[in-house]
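Quick note: the coordinates plus some simple rules give every number you see, no bench work behind them. Owing to the predicted nature of the structure, the values given are computational and were not obtained by experimental measurement. Using ideal geometry, Cβ is built from the backbone for each residue, glycine included, and neighbour counts are taken over all protein chains shown.
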Amino acid sequence: MKNKNPETEQESLYKDLDQMSVKELLTNINTEDKKVPHIIEEQIPKIEKLVKAIVKKMQLGGRLFYIGAGTSGRIGILDASECPPTFGVPHDMIIGIIAGGDTAIRKAVENAEDDTEQAWKDLAKFEISSLDFIIGIAASGNTPYVLGALKKAKEHNIKTGSISCISNGLIAQEADHPIELIVGPEFLTGSTRMKAGTAQKLTLNMISTSVMIKLGKVKGNKMVDMQLSNEKLVKRGIKMIMEELGIEYDAAEELLHKHKSVRAVLLAQNKNQEI
């Protein structure tokens, strides 16, 4: 049954925001934000199970899909888009989908989140299968677009997770691995781009980073597969090689130029190749 009084719509704990000084506004927003990590901490056992389920699928060649609407959809796309440069994975390995399509990334698309059928159509474009994994993201816990995706996924034997910010929401009831982050009323009543959005982003950071580490995309604490797409990242790669091999800057730079990635340099060293 749909929650009739979702936590995300509760009245702010603060009154007369428009009468506050800038310092009061910032201090009170920060006070609310501090609550989020503790709420996530309580969900770590469930997040752990979710990560393990995702890794199992991706080790078999599956992909991870994030699907959401509005802020939740944008947060999913942000996390997905950062994985290729950070971990050197293909752009179609972790995929973010938002109600209303790419236009909705920058501009709200009217009624897009209310379409229960469109999400599956959007997923079908990627030839989604039971090898893949879907995480539905919806602060309200009841977004029809996301709910439709999870219901169809169940029909097609596709494993799912969900991230919501209310208790016993509809998407949590449909998901195999529901995560409920009950952050409470927002500083600005109903503005789930605030604490709810922060909680979703932090949780996706945890999920994607843990998954990538377990898939072997990290060595020690280094992003050895990162894409060397700008000067800052090239210099970071050189520093990694210097630290790992105990060599000077110029030698590390030459090795990186030769092998094109930090991992390739380290593999060559481990195999005792001439480098």
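Of the listed peptides 63-71, 215-223, what is their order by residue-averaged count of other C-beta atoms within 10 Å, with the highest listed first? Walk me through the numbers before you get to the answer.
Details: 63-71: 25.3, 215-223: 15.0.
Going from most to least packed, we get 63-71, 215-223.
Please turn the phi angles of the range 138-149 into ³J(HN,Hα) values with the Karplus equation 6.51 cos²θ - 1.76 cosθ + 1.60 (θ = phi - 60°), one per residue in order, whole Hz, x for glycine and proline.
Those phi angles translate into 7, 4, 5, x, 9, 4, x, 4, 5, 4, x, 5 Hz.
Which aspartates and glutamates have a Cα less than 12 Å from the Cα of Lys35, not counting those fewer than 8 places away in the same chain?
Partners within reach: Glu186.
Determine the distance separating the Cα centre of the range 64-139 from the Cα centre of the range 237-269; give it in Å without decimals.
About 36 Å separates the Cα centre of the range 64-139 from the one of the range 237-269.
Can you tell me the alpha carbon radius of gyration of the chain divided by the globular rule-of-thumb value 2.2 N^0.38 Å?
Output field value: 1.14.
Quick one: 3J(HN,Hα) in Hz for the range 206-211, Karplus 6.51/-1.76/1.60 with θ = phi - 60°, rounded, Gly and Pro as x.
5, 5, 5, 5, 5, 4
How big is D for the range 1-150, in µm² s⁻¹ as a whole number, if Stokes-Einstein is applied with the Kirkwood radius of its Cα pairs at 20 °C and 1.002 mPa s?
Answer from the Stokes-Einstein relation: 122 µm²/s.
Which is farthest toward the positive dipole end of the range 17-215 among Thr198, Ile54, Phe187, measuring Cα position about the Cα centre, with Cβ charges +1 (Lys, Arg) and -1 (Asp, Glu)?
Ile54
Under 5 Å between amide H atoms, partner at least 5 residues away or on a different chain: which partners does Ile95 have, H built in plane at 1.01 Å?
Answer set, sorted by chain and number: Leu64, Phe65, Tyr66.
Measuring from a point 7 Å past the Cα of Ala268 along Cα-to-C-beta, which residues in the range 75-93 have an amide N at less than 20 Å?
Residues 88 qualify, since their backbone N sits under 20 Å from the label point.
Through the Karplus equation 6.51 cos²θ - 1.76 cosθ + 1.60, θ set to phi - 60°, convert the phi angles of the range 163-171 into ³J(HN,Hα) values in whole Hz; use x for Gly and Pro.
Those phi angles translate into 10, 9, 10, 10, 8, 6, x, 5, 6 Hz.
Compute the projected area of the convex hull of the Cα atoms of the range 231-272, averaged over all viewing directions, and report it in nm² to one decimal place. It would help to have the intermediate numbers written out before the result.
Working: hull surface 10.2 nm².
Over all viewing directions, the range 231-272 projects a mean Cα-hull area of 2.5 nm².
Rg and Dmax of the range 1-78, using alpha carbons, in Å: what are they?
18.2, 56
What do you get for GluC sites (Glu not before Pro) in the range 200-275 restricted to DSSP loop and a cutoff of at most 16 other Cβ within 10 Å of the site's Cβ?
Here the sparse-neighbourhood loop sites are Glu248, Glu274.
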